[in-house]
Amino acid sequence: MSVVSRCTASVPMPGVGTDIPDFYRNTNSAVPIMAKQSEKVDEEESDIDQYDVLACEAMDACFTAFDKNGDGFLDEREFSLVCRALFRNDRGKIYNVEPKKVHEMFTVFDKNEDGFIDRQEFIFCWNQWIKKIVRPISVILVVDVQNDFISGTLNISHCSAKQNGAEVIEPINKLLDTVDFDAVVYSLDWHPSDHVSFIDNIHLRKVDSSSPKSSEEAKVYDTVIFEGPPPMKQRLWPRHCVQESWGAELHKNLKVVDNAIKVYKGTNPDVDSYSVFWDNKKLSDTTLCSELKQRNATDIYVCGLAYDVCVGATAADSLASGYRTILIDDCSRGVDLEDIEQTKKNVTSHNGVIVDSSQVKAMVEGRDRRPELGYKLAVELKNVKA
Ligand code: VGL
Ligand code: ZN
């Protein structure tokens, strides 16, 4: 059965029965476009030609299926049917998308602002949006699952939320065993002995006159301001994750996959680094940014320790860098309950999502497609030239 005949035959009602991945699945010959975008297709010329032709066919079939009135354009109502087909969970339940959001996304793809998505505009919509939603490239960041945060000097169970960091290990291992991520990244807090965040190093640097606490008053977990230029806010922690120490090792029960990427952060003695992307002063990015670009990553799953510190800062930077971002709630533990709540609000208000690990496999496989993430990607495409 050809792609076209299947698509038209299977859509008696406007869009309702159509699942977007159908356009990838229907013929044996359509297999090349099922290949994950990160996988190389055979380099032979004929295969690449075939790949392009089939991709084109699927795209055309999709356009035709949603051009209900056959006028050669997708109007906003027809585009809303694309959204209904696109944003579904793995049981086929349709996620509702507010008309305002549908409108906003429509305007992203109606580049010439004539109120229609024409076939030319749909090429951009298909390649930059639909394909990435249906076949995301998913990277998981396992943040700082290190001895010191679990049972060492910065054991988070002694902090106000009294959470047990060891509890993240089992669900993270299960994810790594069962979900086929395109890349797995482990970050390690990796401080030199004279690091600025250690309370016992407070006398190594001058505290600014604007600091709420002097160096004599400051206690562990307080925030001080060190002299500049520019003056720098710094929360003080017990000495932790010193390079090459036992406390800086990943917990022995954490699964470390083959081909894992390790990112070391907080290595500059004078600058702390909560995010796995950037240090706190945004002076330098880590190796993570180039690793993600190299792989054409679209979706970043974040989990680990501590929820409201390094996990939260990493999720925030992931969103700010334009990635569809998913924080895995039950694979993260934190320091302070209020700060954990604030972290969640920050993620959802920037079009990220908070999920349970049981939902991750279907999302990575493109069977559970969240409207928040589709919206996030559309927003990122606003200023991208077709
Ligand atoms: C962290 C405090 C200090 C973390 C790192 O990994 O969340 N927290 N350094
Ligand atoms: Zn640290």
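The values are calculated or read from the model by the stated rules, or taken from the named source; none is laboratory data. Bear in mind the structure is a predicted one, so any value in this text is a computation, not a measurement. Ideal geometry is used to build each Cβ from the backbone, glycine not excepted, and the neighbour counts take in all protein chains shown. For the accessible areas, the whole protein counts, side chains as well, though only heavy atoms, and no ligand, DNA or RNA atoms are used. Shrake-Rupley method; radii C 1.70, N 1.55, O 1.52, S 1.80 Å.
Please tell me the relative contact order of the chain in percent, rounded to the nearest whole number, where contacts are Cα pairs under 8 Å and at least six residues apart.
The value is 18 percent.
Using the alpha-carbon centroid of each, what span in Å lies between region 295-353 and region 163-217?
15
Rounded to the nearest 5, what % of DSSP beta bridges with both residues in the chain are antiparallel?
25
Between ARG235 and VAL220, what length in nm is gained on full extension when 0.36 nm per residue of separation is reduced by their alpha carbon distance?
4.6 nm
If you filter region 114-221 for GluC sites (Glu not before Pro), then keep DSSP loop positions with at most 14 other Cβ within 10 Å, what is left?
Here the sparse-neighbourhood loop sites are GLU216, GLU217.
Can you tell me how region 261-336 classifies by the Cα gyration tensor, rounded, prolate or oblate, using a/c under 1.5 as the rounded cut?
oblate
Can you give me the Cα centroid spacing of region 77-132 and region 228-278 in angstrom?
Region 77-132 and region 228-278 have Cα centres spaced 41 Å from each other.
Grab the beta carbon distance between HIS203 and SER358, set R0 = 51 Å, and tell me the FRET efficiency rounded to 0.05.
Efficiency computed from Cβ-Cβ geometry: 0.55.
Test of the criteria: in region 354-386, which trypsin sites (Lys or Arg not before Pro) are in a DSSP loop and have at most 13 other Cβ atoms within 10 angstrom of their Cβ?
LYS382, LYS385
Going Cα to Cα from LYS344, which aspartates and glutamates come in below 20 Å? Please leave out same-chain ones fewer than 8 positions away.
In chain and number order, the partners are ASP144, GLU167, ASP299, ASP308, ASP317, ASP329, ASP330, ASP336, ASP356, GLU372.
Check cross-link reach from LYS233 to the lysines: straight Cα distance under 17 Å, and skip same-chain residues fewer than eight apart.
Excluding near neighbours in sequence, the set is LYS206, LYS213, LYS219, LYS281, LYS282.
Give me the distance in nm between label points sitting 7 Å out from Cα along the Cα-to-Cβ direction at HIS350 and ASN383, one decimal.
In this crude spin-label approximation the distance works out to 1.6 nm.
If you take the beta carbon distance between LYS162 and THR107 as r and set R0 to 45 Å, what does 1/(1 + (r/R0)^6) give as a FRET efficiency, to the nearest 0.05?
Between LYS162 and THR107 the formula returns 0.40.
Please sort through the DSSP H helices of the chain and keep those with an alpha-carbon extent of at least 27 Å along the long axis and a Kyte-Doolittle average not below -1.0.
Helices passing the filter in the chain: 45-66.
Suppose all protein chains stay in the model; what accessible area per residue would a 1.4 Å probe give for the chain, in Å²?
46
So what is the 222 nm mean residue ellipticity for the chain from helices alone, if each DSSP H run of at least 4 adds -39500 (n - 2.57) and you divide by all residues, rounding to the nearest 500 deg cm²/dmol?
The helix contribution divided over the chain gives -9500 deg cm²/dmol.
With a cap of 15 neighbouring Cβ atoms within 10 Å, and only residues DSSP puts in a loop, list the trypsin sites (Lys or Arg not before Pro) found in region 128-186.
Here the sparse-neighbourhood loop sites are LYS162.
As an exercise, use a Förster radius of 56 Å and the Cβ-Cβ distance of GLU249 and GLU76 to find the FRET efficiency, rounded to the nearest 0.05.
0.55
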